[in-house]
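Worksheet: one structure, shown below.
The values are calculated or read from the model by the stated rules, or taken from the named source; none is laboratory data. As the structure is a computational prediction, the values presented were derived from the model and not from experiment. Methodologically, a virtual Cβ is constructed for each residue, glycine included, from the backbone with ideal geometry; neighbour enumeration extends over all protein chains shown.
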Amino acid sequence: MMNAKILIVEDEPAIQELLAFNVMQAGFLALRAADAESAWQQIRGNLPDLILLDWMLPNTSGVVLAKQFRADARTKDIPIIMLTARGDERDKILGLESGADDYITKPFSPRELMARIRAVLRRHIPAMPDETVAAGGLELSPTSHRVTAKGRAIELGPTEFRLLHFFMTHAERVYSRTQLLDQVWGTQVFVEERTVDVHIRRLRAALEPVEMDNVIQTVRGSGYRFSINL
């Protein structure tokens, strides 16, 4: 969940700046847009993990934009939190029916907003058990987010960490790219299949110094397998 990209669609510069500051303080990456057109430009260049969407935008309202996001193949599964000064229940229902996953009324505290963001992201990313797992000299602890190989610490990004955890808990089975996307990225997140190959390469590169990069095997025409029986 750390390093998740949050697209902030807000036309008030001061509010946009405040939201971006709080998002970055929480460890997320902030993308910014002031209207529907710039939001689509951001999405074309950098697909976000979550969208903070203001109700009142110039030219196209947040409700209309949310419906457009839900109708587009690339953005249909990206979680949306609607931001608005409208506190009426009918407006809340309208916002949720337009495709928003959550709805937060201005003014709100940064702590509440971050709690909402984390809650929505958790619903879209598969849960990881807390138990430490070990295999063939590798040890991975989800609670401390640490990996050691043959007693040496291995630095992994969040996606490589989740990928290795899945492989270690599902050893000796072949998984297609699509299956890995569902299990590691989640079924509600849009990621292209070739993204799996990129993260596999990063994971192997991290394991190479301890000569364990070959535990991630490519099964031609099928996908990938984790095996310590080399």
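Leu65 versus (1) in a helix (DSSP H, G or I); (2) touching a strand residue (DSSP E or B) at 6+ places or on another chain (Cβ under 8 Å); (3) farther than 24 Å from Pro13 by Cβ; (4) modelled with pLDDT of 85 or more: which is the lone unmet condition?
For Leu65, the failing item is (3).
Under the condition of being within 15 Å of the chain's Cα centre (by Cα) and buried (at least 20 other Cβ atoms within 10 Å of the Cβ), which residue from region 18-41 is farthest from Ile117 (Cα to Cα)?
That would be Leu31.
So Pro48 passes all but one of these: (1) touching a strand residue (DSSP E or B) at 6+ places or on another chain (Cβ under 9 Å); (2) at pLDDT 85 or above; (3) not in a loop (DSSP other than H, G, I, E, B). Which condition number does it fail?
Failed condition: (3).
Looking at this structure, is Arg220 under 28 Å from Pro79 (Cα atoms) and either within 19 Å of the chain's Cα centre (by Cα) or free of Cβ contacts under 8 Å to residues at least 24 places away in the same chain (or both)?
So Arg220 does not fit the description; no.
For region 8-29, give me each residue that is assigned to a strand (DSSP E or B) and within 25 Å of Met128 (Cα to Cα).
Leu29 - this is the single residue of region 8-29 that is assigned to a strand (DSSP E or B) and within 25 Å of Met128 (Cα to Cα).
Let's see how each residue does on (1) farther than 27 Å from Gln183 by Cα; (2) at pLDDT 75 or above; (3) among the basic types (Lys, Arg); (4) in contact with an Asp or Glu (Cβ under 8 Å, 6 or more places away or on another chain):
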site: Asp88; (1), (2), (3), (4): yes, no, no, no
site: Asp91; (1), (2), (3), (4): yes, no, no, no
site: Gly95; (1), (2), (3), (4): yes, no, no, no
site: Ile104; (1), (2), (3), (4): yes, yes, no, yes
site: Pro107; (1), (2), (3), (4): yes, yes, no, no
site: Met128; (1), (2), (3), (4): no, no, no, no
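Among strands (runs of 3 or more DSSP E) lying entirely in region 137-230, which contain 2 or more residues that are surrounded by fewer than 14 Cβ atoms within 10 Å (Cβ to Cβ)?
Fully inside region 137-230 and qualifying: 152-154, 216-219.
Could you pull out the residue among Ala26, Ala14, Ala4 that is at pLDDT 90 or above, over 13 Å from Leu83 (Cα atoms) and hydrophobic (A, V, I, L, M, F, W, C)?
Result: Ala14 is the single residue among Ala26, Ala14, Ala4 that is at pLDDT 90 or above, over 13 Å from Leu83 (Cα atoms) and hydrophobic (A, V, I, L, M, F, W, C).
Being closer than 23 Å to Val184 by Cα, of a type outside the set (A, V, I, L, M) and exposed (fewer than 14 other Cβ atoms within 10 Å of the Cβ) narrows it down to one residue among Asn59, Asn46; which is it?
Just one listed residue meets the conditions, Asn46.
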